[in-house]
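> So that we are looking at the same thing, I have put the structure below in structure tokens.
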């Protein structure tokens, strides 16, 4: 290779977990100013490799070099000292501290902390990255999207020369993705090397200079982005079956969406023209919520009919989480009403809402299960009275229910396995099984496919479509516009706690939704 | 050597961890026992074997274990629900006060009336003492660890205040209460021994708790609330109310311990009636993994060590505190070994740590 030598160089990195080979003799490099995308399905070993580079996991074999010099990275501290910064999928922010404090935290030694100069540096850093968040805000008040931006600022706060972004766009809106890409371009022009981990082909094609593909722990491809087609990348990623799946997949189907192919507007619209509407299953009227004096929900009106999927689009932090909390009964609204199947449940507790036919699946998967408890008990946690006979739990019925759910929802676990041992996809299937087993009139579901691999992604979508076709209603909150446009019949846009407008799917182009999501005028 | 997280814990690991902890306890306590001038193997024989080698010793173990079984299961009930009741000591004393109040207030009641009333008064006393911190936790959000703990010395001061004031012994003038009426004498569970019906009641409470936790819907709710309160609330479980109720039940059971000690052993209130039973209950519950069977086993084990320590102090002239020392070391080693179950020991690989570039190719 000509030009400057690689900034970061991995050679022969191998990592085994018992029988599983997470990384098998992987070698790759990142040059200064180069954006390298790492592509691979969930479980391909991307995260493990990134953790090795960042010192969170030690490799069994192999070496890491910076500027041609061998480096020993035993901890994130070593990684930072060597100019490696990382933004992980799971954030490491202290919720009770402000943005400034969080960013400055890793810099704090012993003694006096000059918070004022820290604040100034944080603002500069934000400027550089193109992020505008009040430095005094507590992290606990930030949305997931905003927290990620703070993480990026934090990673760049040090003398960072290689930035690793692990699935950074999973939580971002199209506009945010655009801003992120602009940032990446700006930073790479200054000589920063970027390693961008993703499983979305489209993003990779757009942002990277070079693509490396991991499959089952092995590096199976290293291509220049401009010279490789989506089909080839997909086949590298998923094996030979992948390419044909992508190429033959009708636009707008789950496979196509999952790998990031553009949604064909007309096909989606045509598929979604449904005339007959069932009765109203969810009616939200003038829902208002104040939090710390701020109107986080402002007279929200939403209606879901039987047999339709209504989407809620919006940049994270515009009231989605509050809407979820209010609908699930975790927070009482200041005003307005919620009706499920004609029953007013505004003042009803969770059990009453479940009784009325509300199903719920929140974005916080881990907060919805009891991790140490078995799969079978988690499955019946909302229905304990049903499984009680003469004051005693009917263990046989619980077991057989769990077995049938495991079979039906293809959960890869045994009934007595602790939920904590399950993968994200299987955990989501447990929650989906729990919600759907009650045959809800209307299912409220938020970010259902975040972080899932293609198989699970497709599976969740199929289930939601089945629920709709069976006469159930679905209220779907998602930050993934492609997902919304594949599934929904109507899409409402939430902006600063207000429903800014509602579009039938035929009119809901990415551009229009994008304008509305940023508070633009309501299209006629 | 490094510690590496395990993926899964094999089943054999828990017994092995407990065994390692016991061996470590024996090794570590051998030193102070030697310093006390005794022969460690002989001392361990006194602690762990001698009490079991005679029926009289066995009965003594059951008697000593009785208050620990009560307080152990009381603490386990609260901990299971995620309510950290550190106040079993105070609730024990409040129970003893309640029982003494009825026992000295109506000394002439027949046993058939007196005993249920005595136990009821003990339970009410413990419950009342637990109610204030539980209420503060539920409605004001004040941490129960602090409030329950701080109410323990308050309860002791109330006992001392009563014994120095209104309840001072009317015949001897000592700071002990009057003897309760004879109707309040708890009969022996096994005739001819000191083992009283309190032991039987403790067994019933443990059995009922085990059944509720393992076999009923409320048991599942309690476990869910304790392990993941937010997820439990999301699933429609009223976590706050559940913890409040478990806190009250926990206090009532700790109060029963005080009642049993007054009715079955002391027959009067004394300033030293609790001697740390409430605190030891935390040890029993924790070592017993908050399960009914575990509480039973550990309660009896600590009873055994308690009797053994008295025995050893008589025969081998070791200080009686040596038994507490063995118990405390056992707690630390067991808790540590159980925590270490999640890890395995790995010897550092020279390939990555010392010579990271051996065998790798030339950089391109």
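Values quoted throughout were computed directly from the atomic coordinates according to the rules given, and no laboratory measurement underlies them. In this text the structure is predicted, and so the values were computed from the model without any measurement. Note that we place each Cβ from the backbone using ideal geometry, even for glycine, and neighbour counts take in every protein chain shown.
> Please express the shape of region A:365-438 as an equivalent ellipsoid: the semi-axes are the square roots of 5 times the eigenvalues of the C-alpha gyration tensor, given largest first in whole angstrom.
Values: eigenvalues 75, 30, 25 Å².
After diagonalising the Cα gyration tensor, the semi-axes are 19, 12, 11 Å.
> Only Cα pairs under 8 Å and at least 6 apart count here; give the relative contact order of region B:55-180 as a rounded whole percent.
Across region B:55-180, relative contact order equals 26 percent.
> Determine, from the Cβ-Cβ distance of residue B:169 and residue A:366 and an R0 of 51 Å, the FRET efficiency 1/(1 + (r/R0)^6), rounded to the nearest 0.05.
The calculated FRET efficiency here is 0.30.
> Can you give the angle from 0 to 90° between the axis of helix A:144-156 and the longest principal axis of chain A, with both taken from C-alpha atoms, to the nearest 10?
10
> Okay, next question. Suppose R0 equals 30 Å. What FRET efficiency, 1/(1 + (r/R0)^6) with r the Cβ-Cβ distance, do residue A:222 and residue A:190 give to the nearest 0.05?
0.75
> When 1/r is averaged over all different Cα pairs and the result inverted, which Kirkwood radius in Å belongs to chain A?
Values: mean 1/r = 0.0408 Å⁻¹.
About 24.5 Å for chain A.
> Quick check on the exposure proxy: order A:114, A:286 from fewest to most C-beta atoms within 10 angstrom.
A:114, A:286
> Additional query: Please state the Cα pair-distance histogram of region B:116-239 with 10 angstrom bins from zero: what percent is in each bin?
All Cα pairs, binned at 10 Å, distribute as 10, 22, 33, 21, 11, 2, 0 percent.
> Something else about it: Mind checking the angle between helix B:144-164 and chain B's longest principal axis? C-alpha axes, 0 to 90 degrees, to the nearest 10.
For B:144-164 against chain B, the angle is about 30 degrees.
> Report the relative contact order of region A:365-438, percent, no decimals, based on alpha-carbon pairs under 8 angstrom and at least 6 residues apart.
Contact order relative to length: 43 percent.
> Using only the alpha-carbon atoms of region B:109-161 as identical scatterers, what base-10 log of I(q)/I(0) does the Debye formula give at q = 0.14, 0.20, 0.32 Å⁻¹?
-0.50, -0.77, -1.11
> At 7 Å along Cα-to-Cβ for each site, give me the label-to-label distance between residue A:292 and residue B:214 in nm.
Once both label points are built, they end up 4.8 nm from each other.
> Against the longest principal axis of chain B, how steep is helix B:197-215, in degrees 0 to 90 to the nearest 10, with axes from Cα atoms?
40
> Give the distance, in whole Å, between the Cα centre of region B:1-68 and the Cα centre of region A:395-409.
42
> Now for a different question. Testing the spin-label approximation: label points 7 Å from Cα along Cα→Cβ at residue A:506 and residue A:141. State their distance in nm.
Between residue A:506 and residue A:141, the simple spin-label model gives 4.4 nm.
> Pulled fully out, how much extra length does the chain show between residue B:332 and residue B:108, if you take 0.36 nm times their separation in residues and subtract their Cα-Cα distance?
Extra length from residue B:332 to residue B:108 when fully extended: 75.9 nm.
> Taking only Cα atoms of region B:1-149, what ratio of Rg to Rh do you get with Rh as the Kirkwood inverse-distance radius?
1.11
> With an 8 Å cut-off on Cα pairs and a minimum separation of 6 or more residues, tell me the relative contact order of chain B in percent.
Here the relative contact order equals 35 percent.
> Moving to a separate point now. If each residue of separation counts as 0.36 nm, what is the full-extension length gain between residue B:136 and residue B:324 once their alpha-carbon separation is subtracted?
Fully extending the segment from residue B:136 to residue B:324 adds 64.4 nm.
> Among B:343, A:377, B:184, which comes first, then next, by fewest other beta-carbon atoms within 10 Å?
So the residues, fewest neighbours to most, are B:343, A:377, B:184.
> Something else about it: So for the pair residue B:203, residue A:403, with labels modelled 7 Å out along Cα→Cβ, what separation do we get in nm?
So the label points at residue B:203 and residue A:403 sit 3.7 nm apart.
> What translational D, rounded to a whole number of µm²/s, comes out for chain B from Stokes-Einstein when the hydrodynamic radius is the Kirkwood one over Cα pairs, at 25 °C and 0.890 mPa s?
On the way: Rh = 22.3 Å.
In µm²/s, the coefficient is 110.
> Relative to the compact-globule scaling 2.2 N^0.38 Å, provide the ratio for the alpha-carbon radius of gyration of the protein assembly as shown.
So the protein assembly as shown has a normalised radius of gyration of 1.12.
> What FRET efficiency, computed as 1/(1 + (r/R0)^6) with R0 = 41 Å and r the Cβ-Cβ distance, is obtained for residue A:115 and residue A:337, rounded to the nearest 0.05?
0.35
> So for B:244, B:129, fewest C-beta neighbours within 10 Å to most, what's the order?
B:244, B:129
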